[in-house]
Amino acid sequence: MTVNVGVIGVGMIGQDHIRRLTQVLSGARVSALTDVDMDRAKSVGQGLPGEVRVHETGQDLINDDGVDAVVVASWGPTHEEYVLAAIAAGKQVFCEKPLATTREACERIVDAEVAAGRRLVMVGFMRRYDDGYRAMKDVVTSGDIGAPLMFHSAHRNPSVPPHYVSDMIINDTCVHDLDIARFLLDTEVTAAQVLKPRKNSRASDHLTDPLLILFETASGALIDVEASINIQYGYDIRGEIVGEAGTVELAESTRVVVKSDGRYGGRIPEDWRERFIRAYDLEFQEWLDAVAAGRSTGPSSWDGYAATVACDAALEALNGGQRVPVSMRDKPDLYSSPATGAGPTGTD
Ligand code: NAD
Ligand code: ISE
């Protein structure tokens with residue numbers, strides 16, 4: 001089966017996902033597009049094979065009978081509206097992270113999915129598909145390093161686009177670290193604190209950069225996240241778990257180490273597109289296969305909710321300067337197994 005995909009938001013990652021859907025992966029066709037910037041949507045549509053309808057609104061795209069499943073790749077605060085509309089239409093939706101930018105918005109999505117009685121949403125937490133993080137998870141699960149005590153995460157961006165604001169350091173950037181920490185440690189965040197080191201003089205006036213965020217968890221393990229968004233030298237993602245009897249850390253992402261002239265070195269990725277290219281491909285192929293088979297897969301709305309709730313606490317800590325406790329609602333049964341029946345045939 002070829003899945004007809006409609007894409008809402010055709011900026012940086014929307015275009016990158018369209019490239020993988022049309023040129024890299026199998027089983028998909030991009031049948032419709034939309035963007036608030038209609039000129040951009042039209043120009044992206046013109047470069048694609050076959051008939052591609054360019055809609056005025058996301059709602060029109062979701063209602064299009066020629067769209068089987070929806071990709072939401074617009075700005076974070078706009079995700080809720082489109083995800084709710086896709087659930088109402090009974091269509092599977094791949095929503096780029098964050099699921100939504102507030103706890104309340106995520107709760108409305110969880111409530112809508114629970115009312116629909118089936119999982120329709122996959123959140124784009126692609127780190128779960130990265131070979132490095134998966135190998136770390138295997139080491140933790142094997143018990144070789146003992147119970148995890150700490151997870152040190154560093155999330156360094158060389159620069160950020162002009163529309164980026166300080167809150168996004170937490171709810172757009174560090175939301176990845178939160179999700180991967182939940183995945184690796186299998187526990188929930190219970191409190192957040194934020195420290196502000198000396199400001200990077202290269203950061204714009206309106207940005208608080210860097211940040212050091214400390215999360216407490218239900219298991220007792222601590223998570224610290226260093227977030228830097230003007231690091232200049234490249235896109236550098238680091239992670240290390242310290243266990244009771246050993247450690248496991250992400251290796252450098254370079255494939256080769258060059259030794260020459262008394263030095264050694266390797267390539268640092270330019271941005272997230274380069275660093276996680278294989279992870280994005282894997283997550284999307286898994287989503288397409290699940291949509292075609294009428295089932296759900298991948299990080300769920302619950303995962304999106306849990307990460308955003310922790311980010312909300314960190315934002316409060318950033319703005320109020322204190323330790324902020326995190327409380328989560330009870331997990332609905334719908335999310336107790338990794339994947340339940342979804343899609344047109346609702347097979348479970
Ligand atoms: P971008 O600014 O390059 O693109 C966003 C696009 O959405 C723009 O073309 C904009 O005009 C459009 N848009 C904004 N509001 C809209 C609306 N209401 N309806 C339709 N279109 C709208 O941003 P981006 O970097 O591509 O990020 C988009 C989303 O993808 C964000 O949620 C971001 O967090 C996420 N993202 C995820 C990753 C990842 O690693 N998983 C990487 C980059 C971006
Ligand atoms: C971007 O939206 C992403 O999701 C990238 O993975 C992240 O590194 C970057 O900071 C975000 O702005």
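Nothing in this text is a laboratory measurement; each read-out follows from the coordinates by a stated rule. These figures come from a predicted structure and were not determined experimentally. Every residue, glycine among them, receives a Cβ derived from its backbone with ideal geometry; neighbour counts consider all protein chains shown.
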Taking the Cα centre of each part, how many Å lie between the stretch 71-103 and the stretch 141-184?
-> 21 Å
Between His152 and Ser336, what is the spin-label point distance in nm, taking each point 7 Å from the Cα along the Cα→C-beta axis?
-> 4.0 nm
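Counting each pair of different Cα atoms once, what's the Kirkwood radius of the stretch 115-228 in Å, rounded to one decimal?
15.7 Å is the Kirkwood radius here.
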Spacing of the two label points (7 Å from each Cα toward its C-beta) at Met38 and His206, in nm = 2.7 nm
Going by alpha carbons, how many degrees (0 to 90, nearest 10) lie between the helix axis of 103-116 and the longest principal axis of the chain?
-> 40 degrees
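From the alpha carbon gyration tensor of the stretch 56-114, can you work out the equivalent ellipsoid semi-axes (sqrt of 5 times each eigenvalue) and give them in Å, largest to smallest?
18, 13, 9
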Given the peptides 37-47, 92-102, arrange them by the average over their residues of other C-beta atoms within 10 Å, most packed first.
-> 92-102, 37-47
Please go through the residue pairs Lys199/Lys259; Lys42/Lys137; Lys137/Lys331; Lys42/Lys331; Lys91/Lys196 and name each one whose alpha carbons sit more than 31 Å apart in this structure.
-> Lys199/Lys259; Lys42/Lys137; Lys42/Lys331; Lys91/Lys196
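If the viscosity is 1.306 mPa s and the temperature 10 °C, what Stokes-Einstein diffusion coefficient in µm²/s follows for the stretch 251-301 when Rh is the Kirkwood radius over Cα pairs?
Diffusion coefficient, whole number: 115 µm²/s.
Using only helices, what value at 222 nm comes out for the chain when you add -39,500 (n - 2.57) per DSSP H run of length 4 or more and divide by the total residues, to the nearest 500 deg cm²/dmol?
Numbers: 10 runs with 111 residues, N = 348.
My calculation for the chain gives -9500 deg cm²/dmol from helical runs alone.
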So for the stretch 181-318, what percent of the C-alpha to C-alpha distances run longer than 20 Å?
-> 65 percent
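Want the number for Ser142 to Gln232: 0.36 nm per residue separation, take away the alpha-carbon distance, what's left?
28.7 nm
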In whole Å, largest first, what are the principal axis extents of the Cα atoms in the chain?
-> 55, 52, 41
Take the Cβ-Cβ distance between Lys199 and Asp271 as r, set R0 to 25 Å, and report the resulting FRET efficiency rounded to the nearest 0.05.
-> 0.65
Give, to the nearest whole percent, the P(r) tail of the stretch 46-189 beyond 23 angstrom, counting all Cα pairs.
-> 48 percent
Student exercise, the chain dipole from Lys, Arg, Asp, Glu Cβ charges, in Debye to nearest 20 = 680 debye
